[in-house]
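A short write-up of the structure that comes next.
The values are calculated or read from the model by the stated rules, or taken from the named source; none is laboratory data. These figures come from a predicted structure and were not determined experimentally. Virtual Cβ from ideal backbone geometry, glycine too; neighbours counted across all protein chains shown.
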Amino acid sequence: MKQKRDLSSEKIIQATIKIIEKRGAEAATFRNIADVLECKTQALYFYFKNNRDLLIGVAQTYFKEMNAEIGRSCVGLIGDEAIIELALTIKDFSLKHKNVGVAVFRIPKITEDPETELIFKEISNTLKKYIGDFVKDEREILVIARGVRDLILGEVINESVGWFKNPMITQDDSFTWNLRQIMNVN
């Protein structure tokens, strides 16, 4: 195997994401990543000290891409309309990249990494800002934000395992109805 001189942390992260998307988080070993990049396993350690360190890089990329998608989809929106679009965007992004999302959310104490926490807080603060358009009580903002986050995670899990196939109501209509219940906006 030839030694690659054009490796970068970004190339390694992108290769890892492709492996996770195709084969799941368990396949994201340094050996498999090195095979995809056609380099020696030891070369990866120059960029990442261990698999957890690499997965934190994957998480940062995942949340940055999610945040960019939120920015594109919510531009010009305010209040409950913005919250619904933000929640639908996160749900759809998470379902599109569900293997990566599962890998990211399985990283123990992920928010203890300062850069990852900062990126994650951007998303959380955007949600709280939109809630603040119609709610002024900080405690109520926190409760609504938690409810929205819980609904998104539950929806992603349930859709991933094949639930919500009843033709009586579409998944997005049900999701939006539940969001409005959480926000108490009808």
Q | Residue selected from the stretch 107-159 under the condition among the acidic types (Asp, Glu) and buried (at least 17 other Cβ atoms within 10 Å of the Cβ), by the criterion farthest from Asn184 (Cα to Cα) | A | Asp113
Q. Could you list, in sequence order, the residues of the stretch 89-106 that are crowded, with 18+ Cβ neighbours inside 10 Å, of a type in the set (A, V, I, L, M, F, W, C) and either without any contact (Cβ under 8 Å) to a residue 60 or more places away in the chain or in a loop (DSSP other than H, G, I, E, B) (or both)?
A. Phe93, Val104
Q) If you take the residues in the stretch 18-64 that are in a helix (DSSP H, G or I) and among the small types (Gly, Ala, Ser), which one is farthest from Ile107 (Cα to Cα)? A) Ala43
Q) What about Ala43, is it crowded, with 20+ Cβ neighbours inside 10 Å and either within 24 Å of Phe93 (Cα to Cα) or at pLDDT 95 or above (or both)? A) no
Q) Quick one: is Asp35 charged (D, E, K, R) and either touching a residue at least 12 places away in the same chain (Cβ under 8 Å) or in contact with a Phe, Trp or Tyr (Cβ under 9 Å, 6 or more places away or on another chain) (or both)? A) no
Q: Output yes when any residue across the stretch 156-164 is more than 16 Å from Leu88 (Cβ to Cβ) and of a type in the set (Phe, Trp, Tyr), and no when none is.
A: yes
Q) Of Thr89, Thr126, Thr111, Thr61, which residue is β-branched (Val, Ile, Thr) and closer than 23 Å to Lys11 by Cα? A) Thr61
**Q.** Of all residues making up the stretch 1-17, the number that are of a type in the set (A, V, I, L, M, F, W, C) and not in a helix (DSSP H, G or I)
**A.** 2
Q) Considering only the stretch 128-145, how many residues are in a helix (DSSP H, G or I) and under 15 Å from Glu81 (Cα atoms)? A) 7
